[in-house]
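Here, each number is a calculation from the coordinates, and none is a lab measurement. Please read these numbers as outputs of a predicted model, since none were measured by experiment. Here the Cβ positions follow ideal geometry from the backbone for every residue, glycine too, while neighbour counts run over all protein chains shown.
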């Protein structure tokens, strides 16, 4: 029912101080005088959609973050929330009501006013399933998981208009990360007029997005590029550059060659050899984004064999994660032993990692009844698609599959090659996995959401706001009481661990951070002991730039800011 029903994650006494500190800060520094030019960023995949409320992928947020703004944003270089479209938000004594003063004189790119009505329109569209603009064809996944659910399940029970430039959020319970949640990319405010005009087409290539940000949408040629141009009337001051182009170059080496040739000015992630070349090239430089991310290999638990922990352990011992990091991440990566990266409190450094031992994998497989290895698996229960149609029947025999991601992401550079290396490791341990490409990125994410990646599958997570709950509870929690039964979730490969979910609920309602930290460490140990997933790597994501570029600000949460970028002419 609710993932964040009773979130009080810091001491109430500390909360008032933190709120006072945040609300007294002004917006980030205004951009310097314009220098003009076009900043061209090369990336491995296209955006899925430009309505941030209905997507979960970073390539979409990479663009929408320049055109749309939330009420709060993150301080440059940190996860601390600071005012953006709101000038301040202050709580009542119990933190169940937050009153937000809105920035005045701001207009959306279509010329309509940003005001309290616009904020209420957006939040009610996201929350209410019967809202005329909450389309059944769209999935508002982040609202559901960050605000506890839709309709009456939402921890936000009302967004009230106090006056034209003041709104009050009424909560069913205290929510200490309220400001951090407001600052997330998916809660940026879109023009109500644009949504009303375009309906379900809002955010598509034909329409783009309409916000208040430093850049305005210009065009989207699918699979090729997206262009945005400077907002001359931006409330924070005109950006330094005239326009941004994100070019899609799927091949990692081709993308680096484009940077060397001057066809693009920057890229995120490259193969190890190209990173080394960039570090020694006087015409380039490398910045890194802190490792607030985890790449993992997941099991679909509707496969009978994966319900046997001995088989899951066999997979864990078969994957040579150290070699994967050395070969594909280089010095920027580190082997993951937890879901939580080391920089997030709650990381459990005492966990004894799985050793790479293919002979032990073979032994475990034999103990599980597979002395000759594993190349075929059995569907344990029917698996349905989103419309309720049976896609796989209980008892069906299918090949053992390993799904690799169709796009490069910051947590998985060169995903196909990493998938091939994993398949080779599995083969050495007696598991012959069929490497599968399941369509493009939107298709892959949709199949994952419906539990239709039926095998092993590669995916990862980048933290959204720096809190461990954003990792753990999003994937493994979701209870609204300690006694609620955790149901298998297709979105998570039908995995459910009752004790993990119970501890995550207790962590969510506990105001003491030190006690919460102990609970998250306990959760990490339980996930490890259960071999719920195999954590592969954390990546201090490298971004490579031409020396002509300055002013780019990498953010730990990935919501990079482009408005200070300058291009040497």
Query raised in the report: In whole angstrom, and with the biggest value first, how far do the Cα coordinates of the stretch 429-569 range along each principal axis?
Result: 62, 46, 29
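Based on other C-beta atoms within 10 Å, arrange 457, 411 from fewest to most.
On the way: 457 24, 411 28.
So the residues, fewest neighbours to most, are 457, 411.
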Query raised in the report: So how do 215, 475 line up by other beta-carbon neighbours within 10 Å, fewest first?
Result: 475, 215
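Could you give the length gained by full extension between residue 331 and residue 568, i.e. 0.36 nm per residue of separation minus their alpha carbon distance, to one decimal place?
82.3 nm
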Query raised in the report: What FRET efficiency comes out for the pair residue 263/residue 112, r = Cβ-Cβ distance, R0 = 41 Å, nearest 0.05?
Result: 0.65
Report summary line: Rh_Kirkwood(the stretch 384-466) over Cα pairs, Å, one decimal, evaluates to 14.1
Report summary line: Computed over the stretch 255-324, the distribution of all Cα-Cα distances in 5 Å bins, rounded to whole %, is 3, 12, 17, 15, 10, 10, 9, 9, 8, 5, 1
Query raised in the report: Which ordering of 518, 313, 563, 547 is given by a fewest-first count of other beta-carbon atoms within 10 Å?
Result: 547, 518, 313, 563
Query raised in the report: Relative to the longest principal axis of the chain, what angle (0 to 90°, nearest 10) does the C-alpha long axis of helix 58-67 take?
Result: 0
Query raised in the report: Want the number for residue 366 to residue 153: 0.36 nm per residue separation, take away the alpha-carbon distance, what's left?
Result: 72.0 nm
Report task. Determine the distance separating the Cα centre of the stretch 214-292 from the Cα centre of the stretch 72-121; give it in Å without decimals. Result -> 29
Report summary line: Counting only DSSP beta bridges with both partners in the chain, the antiparallel fraction in percent, to the nearest 5, comes to 80
Query raised in the report: In degrees between 0 and 90, to the nearest 10, how far off the longest principal axis of the chain does helix 116-127 point, with axes built from Cα atoms?
Result: 20
Query - Distant alpha-carbon pairs in the stretch 63-126 (separation over 16 angstrom), percent - result: 56
Requested in this report: Mind giving me the nanometre distance, one decimal, between the label points for residue 323 and residue 499, set 7 Å out from Cα along Cα→Cβ?
Outcome: 3.4
Query raised in the report: Expressed as a rounded percentage, what relative contact order does the chain have, with Cα pairs under 8 Å and six or more residues apart?
Result: 21
Query raised in the report: So if we plug the beta-carbon distance of residue 350 and residue 484 into 1/(1 + (r/R0)^6) with R0 = 30 Å, what FRET efficiency do we get, rounded to 0.05?
Result: 0.50
Report task. Mind computing the radius of gyration and Dmax over the alpha-carbon atoms of the stretch 217-273? Å is fine for both. Result -> 14.0, 43
Query - Sorted largest first, extent of the stretch 130-179 alpha carbons per principal axis (Å) - result: 33, 26, 18
**Report entry** Over the chain: helical MRE at 222 nm, DSSP H runs n ≥ 4 each giving -39500 (n - 2.57), nearest 500
**Finding:** -8500 deg cm²/dmol
Requested in this report: Could you list the residues of the stretch 543-568 with an amide nitrogen less than 12 Å from a label point located 7 Å from the Cα of residue 288 in the Cα-to-C-beta direction?
Outcome: 543
Report summary line: Check: C-alpha center the stretch 475-520 vs C-alpha center the stretch 371-403, spacing in Å is 28
Query raised in the report: How far apart, in nm, are the 7 Å Cα→Cβ label points at residue 138 and residue 393?
Result: 3.9
Query raised in the report: Using Cα atoms only, what is the angle between the long axis of helix 252-261 and the major principal axis of the chain, expressed in degrees (0 to 90) to the nearest 10?
Result: 40
**Report entry** Residues residue 281 and residue 253, FRET efficiency given R0 of 22 Å [Cβ-Cβ distance, rounded to 0.05]
**Finding:** 0.90
Report task. Go ahead and collect, in residue order, the members of the stretch 473-498 whose backbone nitrogen is under 15 Å from a label point 7 Å along the Cα-Cβ direction of residue 506. Result -> 479, 481-484, 498
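Taking a temperature of 4 °C and a viscosity of 1.567 mPa s, what whole-number D in µm²/s does Stokes-Einstein yield for the stretch 329-432 with Rh from Kirkwood over alpha carbon pairs?
It diffuses with D of about 76 µm²/s by this estimate.
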Report task. For the stretch 293-539, divide the Cα radius of gyration by the Kirkwood radius and give the resulting Rg/Rh value with two decimals. Result -> 0.95
Requested in this report: For the chain, list log₁₀ I(q)/I(0) at each q in 0.08, 0.09, 0.11 Å⁻¹, using the Debye formula over Cα point scatterers of equal strength and ignoring solvent, two decimals each.
Outcome: -0.53, -0.68, -1.04
